[in-house]
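The values are calculated or read from the model by the stated rules, or taken from the named source; none is laboratory data. Please read all numbers here as calculations on a predicted model, not as lab measurements. Every residue, glycine as well, gets a Cβ built from its backbone with ideal geometry; the counts of neighbours run over all protein chains shown.
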Amino acid sequence: MTAQGNFRYVSTTRRVREDRRFVVGRGTYVADVPAREMLHVALVPSPHPAAKIIAIDSAEALALPGVHYVLTGEELSGAVDPLMNGLDTPHVRRFPLAVGQTRYAGEWVAAVVAETRAVAEDAVELVQVEYDPLPHVINPERAYEPQSPPVHPGHGSNVLLDRTFVWGEVDRHFAENPRHLKFRVTWGRNSTVPIETFGVLAKWDPWREILDVWASIQMPKYSDQIARSLRIPLNCVRVHQDVDVGGSYGVKRGIKHTVLVSHLARRLGRPVRLIEDRLENMRAGDAHGPERIFDVEVAFTDAGIVHSMKMRALDNAGAYAGRAPFQLGKPIGAIVGPYQIKSVQYQAISVTTNKAPEEAVRGFGQSPTNYAIETMMDKVAAECGLDRIEMRRRNFIRKEQFPYLIPSGTRYDSGDYHTVLDKVLAHANYGELLEERDRLRKSGLLAGIGIAACLEPSGGNSAFEPLLNEKNTTTTWMESCRINVDGLGFITATMHTTSSGQGHETLVATVVGEVLEIDPDRIRVVRPDTLASLPSNSPVGSRMAIMLGGAAFHAAQIIKSKVIDLACRYFGREGDGVTYSAGAVSDNATGKRLELAELVNIAHRHHHSLPEGTRPGLNSEYVMQVPGGGKLAENSRIQMYPAYSFECHLILLSLDPILGKPEIRRYIIGHDCGTIINPHIVKGMTLGGIAHGIGASLLEEFVYDEEGQFLTGSFMDYLLPSSHEVPHVEMVHHCTPSPLTVLGQKGSGECGYLGAPAAVSGAINDAVRPLGIWFDKLPIRASRISDAVAESAPGHSQ
Amino acid sequence: MNVELQVNGTDHVVDVEPRKTLLDALREDCALTGTHAGCEHGVCGACTVLVDDAPIRSCLLFAVQADGYQITTIEGVAPGPGELSILQDAFCETHGMQCGFCTPGMVLTGHALLKRNPNPSRAEIVDAISGNICRCTGYGQIIEAIELAAERLRGRNLSDSISAEPTMVHADIVAPEDEPERGIIKAAGYDLPHEGKP
C-alpha cells in the first residue's frame, strides 16, 4: 500500500468471503444452533393498547402436556432490573413483560415455556388474563399535550425529551432575510424488517456459573445490558458472536427477549429459546423505526441562498424510551445537510404513545431529517423560480471550504459535492431527462424528476448520548482487532461483534492483507465470544469500515513493525537499514533476506538468537478510538461522527393518473464514500439502501387504528419492495478521501437509504404539481396518489 | 404420523404431527437448516425448496403433503464438499447477497428458472424472483448473478446444464492445499519433523 488509489487489495473487486457459506445454506443463524433439552417460548399478547392487568390465570395452560412454565411480568420484575434507559427518565421503566399495566396492543403480558414452540403457542391460548382498559393515546401531537393520558403515569407526562437548540444567530438571519417559508412533512412509521426475525437462545450452567447466549443481535454493549439486568457479573455472560444475523439494518436489539429467556434458562435449568414469529416481530418485537413530524421554517434570499432554518421534530417513540430519543440527536451532526446554512434552531421532541417502541433503524434518524431538508430545498427553489439543481449548487459547501464547521459544532471532514452533482448530471444527460419527462407528460402520464443531495455521517460514536443526557459522560465508542501470527506463520485476525451481512470478515482480511502485503485469502478472521473479546461496540452508525477497518489496520501495522524490529535485532541493524516486503525483511547493506517463516521461527522458537528483553511470539492488538471524538459537548455543540459521505440521487418517475402506480424509469445515484475497501460490498449497500428508501417512501408503514389496534402484522399488510418495485440503478462514483481515516475510507452502510425517500417524494410531487397536489407524508402509496388525482379533477365533488 | 420424505436423493422417514409444515420437518426432523423461516405465511420466499424441480414455499405445505415427492433443498445443490454449482458460484462472483438469509430460496428459485429457461431476459429474471424478498441487496446483484450463470451455462453448450451433475463446476477459489506457495507464507518447519507437514 502506498499512495491513495495505489492498493494491492483495497478497492479491488475481490469476492466477499462470507458468501461461500451463505450460498450453500451453511450460515449459522440462531435458529440453527443446536442445544440439548431445549425449551421454547411463546408470548401472551395484550389485546388492549392500555389496560391494567387485574389477574393472570395460568392453570389451564400449565395443565397442557409439555408446558413447563408460565412467567408473568410481576414475577420477572422481582428478579431482574429494568432494561437500560439512555435518558434520565427513571420512571419510564421497561421490563421484558408488562408489569401491572400494558402500554400497547401486542405487548407481552406473559411468557409460556414448553417442550416445543407449537405446544407453547397452544398454551398461550389457554392463559386467562383479566384487564381493566385505560385511556390511550396514539397520535404524537395529542401525546405532547399536557392533558393527554400518560403512558407512564409515574413519569407525569408523555414527554421524554423536549430540547431546543439554537446554533448561530437565527433571529438575526430571519430578520435580515425577508423571504421566509414554512411547511410540515411527516415521516411515517416504518422499519427495516429483516427477513430473519429476532431470535435468542440462552443456557445457564449453574456449576460453571456462566450464561451462554446465542442471538440474532446487532447491539452495542449487549452483554453489559444482559449482566446489569440479570444482576450477575459481566464475566458470567458469554455471548457467542459467531452467529450469522439474517439482516438487521439497525433494529436487531432484542434485549427484552434476551433478558426474558436468560431469566427463564436460569429459573428452569434448561436451555431456552425464543424465535419470534412474524406477527410477534411486527407487533411487539420493539423494532419499529422513527415516526416523525417536521415543522420547518426557512429564511432565504431572492437568489435562493438559505441562511437560516428552524426545525421542530416531533417523534413518536412508542410505549418505552428505547433508543428512540437519540435518533433525534444523531442528525444534529448533519443538521444543515451539504449546505452552507449559517444558523439553525432545532427543537427535538420525543413523546411516548401507546404504540410499539421505536428502535434504531438504518441512519438513526438521518433519513427522515434528510427528507425534511431536501423538501425544504425543493420548496425554496419553487418559491424563487429556480431549477432545483441550480438551487442546490448555489447552497452546497464548496470543496475548498473543508474541513467545514457547521453551526451545531460538527466539522465535516471532506467532500466535493459540486463534482458529484456534475457527474450525475453528465451521466444522466439532465437535459434529455427533462425532455423525457415532458414527453411522458404529453403522452398522458404524470411524470416528475426527483433530486436529493445528502450526507451520510459515518464512523459512528455515541456523542448524541451526552448531548441529550448530561448524566451520560461516555466519550469513547471503540472497536478492536487482535492479530496472531501462529507458529507456522499463518495469520488469524479477530473481530469482536456479530455481523448482519456487511462483510466484516472480508473487510478485516482485506485491510490486514493490504498492510502486511499478504493475500487476504490466506488470512483467517474469527469472532471470539465476548469473554475472549477486546472492548468493541457493533456495526452501527456506518462505522465498521472506519473503526473495524482502522483497528485492523493499526493491529497489522504493529505486526509489521514487530517483524521489522525482530529482523533488525537479528541483523543487528537500525530500522532504516532494512526493508519490509510482503512479510519478509531484507538487510539493505548485505541483501540478506529473512522470510516471514524464518521470522516466525525466531519469534516462536529461537529466543536464544535474540537480545535479552525480547518477548516471544508475534501478535498484536489495537483498541481504536473514533477519530476526532472524545470530547463532551460545549455550549450544546459537539463533534458528532468524524467522516461524511455524500450521495446525490436523480430520478425520473411516471405515474398512471388512474391507478396512481409509480414507475421509476431512471434511477441514478452519485456516491462518494472516500476510499472504497470492497466495491462489491459498497455497491450492495447502496442498492439495498435505495430499495429500503423506495419501501419507506412508497409502501411500508406500521399502521394503528384510532382504537390503538395494530393493523399491519403480516407481509400482506406491511408491503415490502419486491424485484418488481426496485428499478435498475445506475451508479456514478467519486472519491474524496477522508483525511481522518487510515485509508481515506468513509462509511457506506446507510447509503442510498439516506436520500432515496427524499428523491422519490420529490419526483412524485414534481409529477403531481401541475394538478395542484402536494404530498407531505410518507409513504405515498398508490391509493393515495390515485385518490388525490381523482379529487383534483375538474368537477369532482365530495 | 410417519412420512417418507425424499430429500436431495436421500429417504428420510420422519414421525410428524399432521400440522407440521414441510419447513419445520426439514429443519427439525431432517437436520437441514439451510431452508429458512422468514414470514411463515407464504410471502417472503425464504423457505423456498424445489418439489419435483418446481419452487414451492415449504411454510405453506404440510410435511404429510410432501410424501412421495422429490424435494431439493439448498443442501442438495452444491456438487460436493467445498464445491459450488455454477449459479452458486455466480452469486459469489457478483456478491448477490449480504446477510445470506434469503439466499437459499433465491438460489433454488434461480435454478428452477434456468432449468426451464436457459436464456432468460432481465424482465424474466425479475419476474421469477419477485416472490422472494431480499431486504439487503435491492436485487441488483442477484439479477446479475442469474444473468452471469445463464451466460456461463450457455457457454457450456450442453442441454439441461443447470441440473446435470457433470456440468457443476468447482468454485473459483484455490484451496490452500492445491497451491501452498500462494501468498508469501512458507511453512515454518525448521524445528519440526518433515518440515511441519504430516
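Summary table
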{"item": "Answer residue from region B:67-77, given it is touching a residue at least 60 places away in the same chain (Cβ under 8 Å) and within 9 Å of chain A (Cβ to nearest Cβ) and is farthest from A:D19 (Cα to Cα) among those", "result": "B:T73"}
{"item": "Residue that is in contact with a Cys (Cβ under 8 Å, 6 or more places away or on another chain), acidic (D, E), surrounded by fewer than 24 Cβ atoms within 10 Å (Cβ to Cβ) and part of a loop (DSSP other than H, G, I, E, B), where the choices are B:E17, B:E83, B:E40", "result": "B:E40"}
{"item": "Counted residues, region A:509-533 - those being of a type in the set (V, I, T) and over 28 Å from A:L211 (Cα atoms)", "result": "6"}
{"item": "Residues of region A:212-222 classified as within 15 Å of A:H263 (Cβ to Cβ) and crowded, with 24+ Cβ neighbours inside 10 Å, total", "result": "2"}
{"item": "Candidates B:C92, B:C134 - the one that is within 8 Å of another protein chain (Cβ to nearest Cβ), in a helix (DSSP H, G or I) and not acidic (D, E)", "result": "B:C92"}
{"item": "Neighbours by Cβ (under 8 Å, 6+ apart or cross-chain): first from region A:564-592, free of Cβ contacts under 8 Å to residues at least 40 places away in the same chain and surrounded by fewer than 15 Cβ atoms within 10 Å (Cβ to Cβ); second among the aliphatic types (A, V, I, L, M) and assigned to a strand (DSSP E or B)", "result": "A:T579/A:V585; A:N588/A:V578"}
{"item": "Per-region count, region A:230-254, residues within 26 Å of the chain's Cα centre (by Cα), surrounded by fewer than 24 Cβ atoms within 10 Å (Cβ to Cβ) and farther than 19 Å from A:M495 by Cβ", "result": "1"}
{"item": "Residue check for A:V515: over 30 Å from A:S458 (Cα atoms), crowded, with 20+ Cβ neighbours inside 10 Å and within 14 Å of chain B (Cβ to nearest Cβ)", "result": "no"}
{"item": "Selection count where residues are outside any loop (DSSP other than H, G, I, E, B) and closer than 20 Å to A:K52 by Cα, scope region A:136-171", "result": "4"}
{"item": "Filtered residues of region A:607-622 (kept if more than 24 Å from A:C481 (Cβ to Cβ) and either more than 14 Å from chain B (Cβ to nearest Cβ) or surrounded by 15 or more Cβ atoms within 10 Å (Cβ to Cβ) (or both))", "result": "A:L610, A:P611, A:E612, A:G613"}
{"item": "Residue among A:A143, A:A175, A:A120, A:A110 that alone is in contact with a helix residue (DSSP H, G or I) (Cβ under 8 Å, 6 or more places away or on another chain), at negative phi, at pLDDT 95 or above and of a type outside the set (F, W, Y)", "result": "A:A110"}
{"item": "Residue list for region A:355-379, filter: touching a strand residue (DSSP E or B) at 6+ places or on another chain (Cβ under 7 Å) and either at positive phi or of a type in the set (K, R) (or both)", "result": "A:K355, A:K379"}
{"item": "Flag for A:I559 being touching a residue at least 40 places away in the same chain (Cβ under 8 Å) and within 14 Å of chain B (Cβ to nearest Cβ)", "result": "yes"}
{"item": "Qualifying residue in region A:496-516 (condition: touching a strand residue (DSSP E or B) at 6+ places or on another chain (Cβ under 7 Å) and without any contact (Cβ under 8 Å) to a residue 60 or more places away in the chain)", "result": "yes"}
{"item": "Some residue of region A:520-535 being crowded, with 24+ Cβ neighbours inside 10 Å, in contact with a strand residue (DSSP E or B) (Cβ under 7 Å, 6 or more places away or on another chain) and closer than 18 Å to A:N484 by Cβ", "result": "yes"}
{"item": "Residue match in region B:105-126 (condition: among the hydroxyl-bearing types (S, T, Y) and at the interface with chain A (Cβ under 9 Å from one of its Cβ atoms))", "result": "no"}
{"item": "Residues of region A:771-783 that turn out to be more than 29 Å from the chain's Cα centre (by Cα), part of a helix (DSSP H, G or I) and either modelled with pLDDT under 95 or closer than 25 Å to A:N190 by Cα (or both), as a count", "result": "1"}
{"item": "Test: residue in region A:334-356 that is under 29 Å from A:I195 (Cα atoms), within 14 Å of chain B (Cβ to nearest Cβ) and out of contact with any Cys (no Cβ under 6 Å at 6 or more places or on another chain)", "result": "no"}
{"item": "Residue, surrounded by the most Cβ atoms within 10 Å (Cβ to Cβ), within region A:261-309, restricted to residues that are of a type in the set (G, A, S) and within 14 Å of another protein chain (Cβ to nearest Cβ)", "result": "A:G289"}
{"item": "First in region A:54-78 and closer than 12 Å to A:A98 by Cα, second anywhere and surrounded by fewer than 16 Cβ atoms within 10 Å (Cβ to Cβ) and modelled with pLDDT under 95, Cβ under 9 Å, 6 or more apart", "result": "none"}
{"item": "Of residues in region A:116-137 being out of contact with any Leu (no Cβ under 7 Å at 6 or more places or on another chain) and of a type in the set (D, E), the one farthest from the other protein chains (Cβ to nearest Cβ)", "result": "A:D132"}
{"item": "Filtered residue count, region A:393-451, keeping only those that are hydrophobic (A, V, I, L, M, F, W, C) and under 20 Å from A:K746 (Cβ atoms)", "result": "8"}
{"item": "Region A:140-165 residues that are assigned by TED's automatic domain parsing to the domain that holds A:A319, paired with ones that are exposed (fewer than 14 other Cβ atoms within 10 Å of the Cβ) (beta carbon under 7 Å, 6 or more apart)", "result": "none"}
{"item": "Per-region count, region A:174-226, residues within 14 Å of chain B (Cβ to nearest Cβ) and of a type outside the set (S, T, Y)", "result": "11"}
{"item": "Qualifying residue in region A:582-605 (condition: within 30 Å of A:C673 (Cα to Cα) and assigned to a helix (DSSP H, G or I))", "result": "no"}
{"item": "Members of region A:429-459 found to be in a strand (DSSP E or B) and within 30 Å of A:Q639 (Cα to Cα), listed by number", "result": "A:I451, A:A452, A:A453, A:C454, A:L455, A:E456, A:P457, A:S458"}
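Residue-by-condition table, conditions (1) in the same structural domain as A:K221 (by TED's automatic domain parsing); (2) assigned to a loop (DSSP other than H, G, I, E, B); (3) not hydrophobic (A, V, I, L, M, F, W, C):
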residue: A:R267; (1), (2), (3): yes, no, yes
residue: A:R270; (1), (2), (3): yes, yes, yes
residue: A:L274; (1), (2), (3): yes, no, no
residue: A:L279; (1), (2), (3): yes, no, no
residue: A:V296; (1), (2), (3): no, no, no
residue: A:A303; (1), (2), (3): no, yes, no
residue: A:M309; (1), (2), (3): no, no, no
residue: A:Y320; (1), (2), (3): no, yes, yes
residue: A:P325; (1), (2), (3): no, no, yes
